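Accompanying notes for the structure given below.
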Amino acid sequence: MNLHEYQGKELLAKFGVAIPLGIVASNLDEAVAAYEKVTAESGASAAIVKAQIHAGGRGKGGGVKFSKDLDALKENAGNILGMMLKTPQTPGGMEGAGKLVSKILIQEDAYRPTFESCKEYYVSILMDRERKQNVIIYSTQGGMDIEAVAEETPHLVHKEYIDPTLGLQSFQLRKVAFNLGLSGKAFKGMTKFISSLYKAFVQSDASLFEINPCLHTGEDDIYAVDCKVSLDENALFRHPDLAELRDTSEEDPTEVEAKSYGLNYVNLDGNVGCMVNGAGLAMATMDIIKLSGGEPANFLDVGGTADAERVEKAFRIILKDPKVKAILINIFGGIVRCDRVAQGVVDAYKNLGDVKVPIIVRLQGTNADIAKKIIDESGLEVKSAILLQEAADRVSEVLQA
């Protein structure tokens with residue numbers, strides 16, 4: 001689960017990570033009030049207006065603006081609020097539709113008193129699944145072009161792996177600060193910054209913390225000027241306060257609807273919809289689709305207790321995707337009964353009316369013979385299959401028709 005920048009910073013601040021003063025606003029009046037409070041407390045007339053969407057690269061799309069005074073703040077806030085912000089990370093990239101900006105963050109100018117004396121670093125924490133360790137990734141080359149730095153000058157990107165049985169050690173904190181070329185007050189500030197950041201990462205069950213830029217000011221202070229926070233959804237039951245931060249307006253509406261039905265659904269870019277029970281079988285089914293010449297349009301696991309009603313809801317979810325040219329339903333009846341799934345397919349087909357997408361159904365396991373009979377005698381344009389290869393061949397046939 002992703003958090004907005006302002007939410008992520010509030011989380012970091014609870015663990016002692018230094019952040020610039022900032023206030024979120026949803027309209028121009030709130031933005032003006034936020035600016036007045038931020039400038040009064042920071043002692044500077046300038047502030048930054050930052051669009052709040054779940055995507056990086058906001059500055060490249062015009063979603064981050066420096067405001068030297070109140071007039072500039074009003075102009076920038078007015079332009080950003082309500083805009084469809086396009087960034088390299090929004091759906092479709094810079095050529096896509098973008099994301100609607102409904103909130104902005106009014107943030108103090110942390111680069112004062114002189115911009116030239118500030119230095120931007122990159123710091124992130126995530127899990128290295130191959131090593132089964134958390135890793136701190138950091139670089140002296142922070143800022144908007146960190147992707148280019150990683151690709152063109154990988155030697156400037158450092159990694160510090162943390163043994164989960166030992167935790168983050170003091171010598172590792174000093175190593176990070178040393179590799180960033182820090183000394184004195186800034187050296188101590190960075191060790192404290194990394195220590196607090198790692199504590200927040202572990203205790204919030206996060207999957208990613210990305211601080212870019214991590215700012216070294218002219219006064220040797222260390223700030224998280226920007227942040228990206230992703231939390232492990234499987235651990236949210238331990239953090240009901242964090243679960244409440246979810247912004248479903250930033251998520252795929254079809255995935256949100258599927259979640260409300262208890263379905264595990266992920267939207268993809270292919271042309272063959274699939275409905276399966278069990279994650280392993282779902283992955284195998286997606287492989288079948290690719291081998292048959294298609295591309296999976298989704299990952300959809302209806303679960304082991306799928307009944308006719310749930311199957312119909314899953315059916316409706318798949319058919320909402322205009323890219324779907326065929327549907328493969330591949331169910332192994334262990335706990336779930338195949339005849340119930342078959343009845344759900346038939347009911348959904350009839351309730352939805354004129355379904356023009358070819359449907360291939362493979363049901364194996366409990367009551368599979370009854371399920372095949374239900375499908376074959378339904379009088380509907382539904383093709384049944386028994387073997388996995390047979391299902392793949394039928395997918396290939398309908399795609400080539």
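The values are calculated or read from the model by the stated rules, or taken from the named source; none is laboratory data. Being a predicted model, the structure only gives us computed values, none of them experimental. Neighbour counts run over all protein chains shown; Cβ positions are idealised from the backbone, glycine included. Protein only, heavy atoms only, side chains kept; ligands, DNA and RNA dropped before computing areas. Shrake-Rupley method; radii C 1.70, N 1.55, O 1.52, S 1.80 Å.
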5 angstrom amide H check on GLN89, placed H, neighbours 5+ away: GLY56
- line: Taking a ≥ b ≥ c as the square roots of the eigenvalues of the Cα gyration tensor, with a/c under 1.5 meaning rounded and otherwise prolate when a/b exceeds b/c and oblate if not, region 286-401 is rounded
- line: Probe 1.4 Å, heavy atoms of protein chains only: per residue, the accessible area of the chain in Å² is 48
Options THR191, VAL157, LEU168, ranked by Cα towards positive dipole end of region 152-192, top entry (Cβ charges): THR191
message: Output the 0 to 90 degree angle, nearest 10, between the alpha-carbon long axis of helix 5-14 and the longest principal axis computed from the alpha carbons of the chain.
response: 60
field: Where GluC sites (Glu not before Pro) fall in DSSP loop in region 316-401, at most 11 other Cβ within 10 Å
entry: GLU377, GLU381
message: I'd like the antiparallel share, as a percent to the nearest 5, of DSSP beta bridges with both residues in region 255-401.
response: 20
- prompt: Do you know the relative contact order of region 327-401, to the nearest whole percent, from alpha carbon pairs under 8 angstrom that are 6+ apart?
  reply: 36
query: Between ILE386 and LYS323, what FRET efficiency follows from the Cβ-Cβ distance if R0 is 41 Å, with the result rounded to 0.05?
result: 0.90
- request: Please work out whether region 1-89 counts as rounded, prolate or oblate from its C-alpha gyration tensor, where a ≥ b ≥ c are the square roots of the eigenvalues and a/c under 1.5 means rounded, while otherwise a/b larger than b/c means prolate and anything else oblate?
  value: oblate
task: Output the relative contact order of the chain, whole-number percent, from Cα pairs under 8 angstrom with separation of 6+ residues.
output: 12
- request: Set the Förster distance to 35 Å, then compute FRET efficiency between MET84 and ALA40 from the Cβ-Cβ distance, nearest 0.05.
  value: 0.60
field: 5 angstrom amide H check on GLN133, placed H, neighbours 5+ away
entry: ASP128
query: Can you list the lysines whose alpha carbon sits under 16 Å from that of LYS313, skipping same-chain ones fewer than 8 residues off?
result: LYS259, LYS350
field: Estimated 222 nm signal from helices in the chain, with DSSP H stretches of n ≥ 4 weighted -39500 (n - 2.57), rounded to 500
entry: -11000 deg cm²/dmol
Overall form of region 147-233 per C-alpha gyration tensor (a/c, 1.5; a/b vs b/c): rounded
- line: Simple spin-label estimate for ASN351/ASP163, 7 Å along Cα→Cβ, in nm, reads 5.7
message: Need the C-alpha centroid separation for region 259-296 versus region 338-401, integer Å.
response: 16
- request: Could you tell me which GluC sites (Glu not before Pro) in region 111-158 are loop residues by DSSP with no more than 14 other beta carbons within 10 angstrom of their beta carbon?
  value: GLU130
- request: Determine the percent antiparallel among the DSSP beta bridges restricted to the chain, to the nearest 5.
  value: 70
field: Contact order relative to length of region 28-86, as percent, for alpha carbon pairs under 8 angstrom and 6 or more apart
entry: 37
field: Highest-MSF residue in the chain out of ALA18, ALA282, ALA34 [GNM, Cα springs under 10 Å]
entry: ALA282
statement: Of the candidates ALA342, ALA392, ALA297, the farthest towards the positive dipole end of region 276-401 (Lys/Arg Cβ +1, Asp/Glu Cβ -1, centred on the Cα centre) is ALA297
statement: From highest to lowest solvent-accessible area (probe 1.4 Å; ligands, DNA and RNA excluded), TYR138, TYR261, TYR111 read TYR261, TYR111, TYR138
- prompt: Considering only ALA177, PRO253, LEU263, whose Cα is most displaced toward the positive end of the charge dipole of region 176-276, charges sitting on Cβ of Lys, Arg (+1) and Asp, Glu (-1)?
  reply: ALA177
In nm, spacing of pseudo-spin labels at PHE178 and LYS290 (7 Å Cα→C-beta vector): 4.4
message: With +1 on the Cβ of every Lys and Arg and -1 on the Cβ of every Asp and Glu, and nothing else charged, how large is the dipole of region 237-343 about its Cα centre, in debye rounded to the nearest 20?
response: 420
- prompt: What size of dipole, in debye to the nearest 20, comes out for the chain about its Cα centre when the only charges are +1 on Lys and Arg C-beta atoms and -1 on Asp and Glu C-beta atoms?
  reply: 500
- line: Listed residues LEU173, LEU291, LEU208; largest mean-square fluctuation, Gaussian network over the chain with Cα springs below 10 Å, found at LEU291
- line: The percentage of the accessible area of region 244-401 (probe 1.4 Å, all protein chains present) made up of carbon and sulfur atoms, to the nearest whole number, is 50
field: Test item: Cα-centred dipole of region 45-187, Lys/Arg +1 and Asp/Glu -1 on Cβ, debye
entry: 340
